[in-house]
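Report on one structure; see the data block that follows.
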Amino acid sequence: MRGGFRVHVVSDVHGNSEGLRRAGDGADALVCLGDLVLFLDYHDHSRGIFPELFGEANADLIVELRTARRFDEARDLARSLWQGIDRNAAIESAVRKQYAELFAAFPTPTYATYGNVDIPHLWPEYAAAGTTVLDGERVEIGGRVFGFVGGGLRTPMRTPYEIDDEEYAAKIEALGEVDVLCSHIPPDVPELCYDTVARRFERGSSALLEAIRATRPAYALFGHVHQPLARRMRIGATECVNVGHFASSGTPWVLEW
C-alpha cells in the first residue's frame, strides 16, 4: 500500500478532456496550472475555436504569420475575418462548450489557476464543489503550502488573461513564503522561456524569479512554454519544473512526499 502524499500536476490542457479524466488516477490531489481552452492547435490546425469559425486554411495562414513574428499582419487577417461577427459572443459560446466538458473531467480534489488563454469570469459557473480555484492565493495540500499565481503578462498575442507586470507582481507578493510556488508562466530565465519549436521566447516573470530567490520554495511549477529549451533547472534551493504540455503528452507530472 502506498504511503505519503502524491499530487499530479498538469498545465496547458488545451482541450484534452480525455487525458484530464485520467490525470488524477492514483493521486491524492490534482493541480492544474491553466490554459484549458483550445483556441488554435499549432500542430493540428484543424483543432480549436479558430478553425471551427474560419476554416483550416485561415488557421494555417495565421500560424505562419505568428510563427514568423509578423504580428501586425496576423492581427489584420484576424480583424478581416471577424468583420461582421460578434467576436465576444462567438468566443464565449465556444469557450463555454469547452469548459463544460473540461471542468466535468476534473477529479476531486482539484486545485486550479488560470492560464493566459483562459477567461476567469466564466470559471465560477463550471467549477464544481471538488475544484478550488486560486489566483494570488495559497492553500495547504497534504501538509505543504501551495501558492498559485494565474494568467500571463502582456504580449503582442493579446490573449484573454494577460495582465500588467505590477498586478502580476502584487499577486506573487500576496503569497508570502510557500513550499510549492505554482504559476502558469515560468520565471524569467531564458532557458525556461525559449520554445524550441515556435523558435521564440515566451514571456516569463521577473517577479517570479525574484520571489524564488527571496523565499526559496522547494519547488516552482509552471507550464506555458510547450517545448522549452530546459524543462527543469535549479535556482538556489528551488527546483524549477515545467510540468509539460498536457495537451500533447496526456501525462501529469508527479510530486510525492
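For the reader, a short list of remarks on this structure follows.
- Förster radius 45 Å - calculated FRET efficiency between Thr108 and Gln83, Cβ distance, rounded to 0.05: 0.55
- Degrees between helix 87-105 axis and first principal axis of the chain (Cα, 0 to 90, nearest 10): 40
- Using the Karplus relation 6.51 cos²θ - 1.76 cosθ + 1.60 with θ = phi - 60°, the per-residue 3J(HN,Hα) values for segment 39-54 come to 8, 7, 8, 6, 9, 10, 6, 8, 9, x, 5, 4, x, 4, 7, 10 Hz, with x marking Gly and Pro.
- Estimated at 0.36 nm per residue, the fully extended path between Arg6 and Glu210 surpasses their Cα-Cα distance by 70.6 nm.
- Amide H contacts for Gly34 (H built 1.01 Å from N in the peptide plane; partners 5 or more residues away or on another chain; cut-off under 5 Å): Asp12, Thr113.
- Prolate/oblate/rounded call for segment 119-240, Cα gyration tensor, a/c under 1.5 rounded: oblate
- Relative compactness, segment 24-85, computed as alpha-carbon Rg over 2.2 N^0.38 Å: 1.47
- Cα-based helix-to-principal-axis angle, 165-175 vs the chain, degrees rounded to 10: 30
- Database remark: amide H of Ile141 closer than 5 angstrom to the amide H of Phe146 (H placed geometrically; neighbours at sequence offset of 5 or more, or on other chains; Pro and chain starts carry no H).
- Helix axis angle, 206-215 relative to the chain longest principal axis, alpha carbon, degrees: 0
- For segment 1-59, convex hull volume per residue from C-alpha positions, Å³: 78
- Around the Cα centre of segment 144-208, unit charges on the Cβ atoms of Lys, Arg, Asp and Glu (plus for the first two, minus for the last two) sum to a dipole of about 300 debye.
- In percent, rounded to a whole number, the relative contact order of segment 161-224 is 43, using alpha-carbon pairs under 8 Å and six or more apart.
- Global geometry of segment 97-175, whether rounded, prolate or oblate, following the gyration tensor of its Cα atoms and the 1.5 cut on a/c: oblate
- Rolling a 1.4 angstrom probe over the protein heavy atoms with all chains in place gives the chain an accessible area of 45 Å² per residue.
- Taking θ as phi - 60° and the Karplus parameters 6.51, -1.76 and 1.60, the scalar couplings of segment 252-257 work out to x, 8, 10, 10, 10, 8 Hz in sequence order, x denoting glycine and proline.
- Using the Cβ-Cβ distance between Ala174 and Arg199 with R0 = 30 Å, the FRET efficiency computed as 1/(1 + (r/R0)^6) comes to roughly 0.30.
- Phi-based couplings in Hz for segment 221-233 (Karplus 6.51, -1.76, 1.60; Gly and Pro marked x): 10, 6, x, 6, 8, 6, 10, x, 4, 10, 7, 7, 7
- Placed amide H near Tyr161: partners under 5 Å, 5+ positions off or other chain: Val117, Asp118
- Note on Glu166 and Leu53: with the Förster distance fixed at 41 Å, the Cβ-Cβ geometry gives a FRET efficiency of about 0.75.
The values are calculated or read from the model by the stated rules, or taken from the named source; none is laboratory data. Not measured: the values here are computed from a predicted model. All Cβ positions, glycine included, derive from the backbone under ideal geometry; neighbour counts span all protein chains shown. Quick note on the areas: whole protein, heavy atoms, side chains included, nothing else; ligands and nucleic acids left out. Shrake-Rupley method; radii C 1.70, N 1.55, O 1.52, S 1.80 Å.
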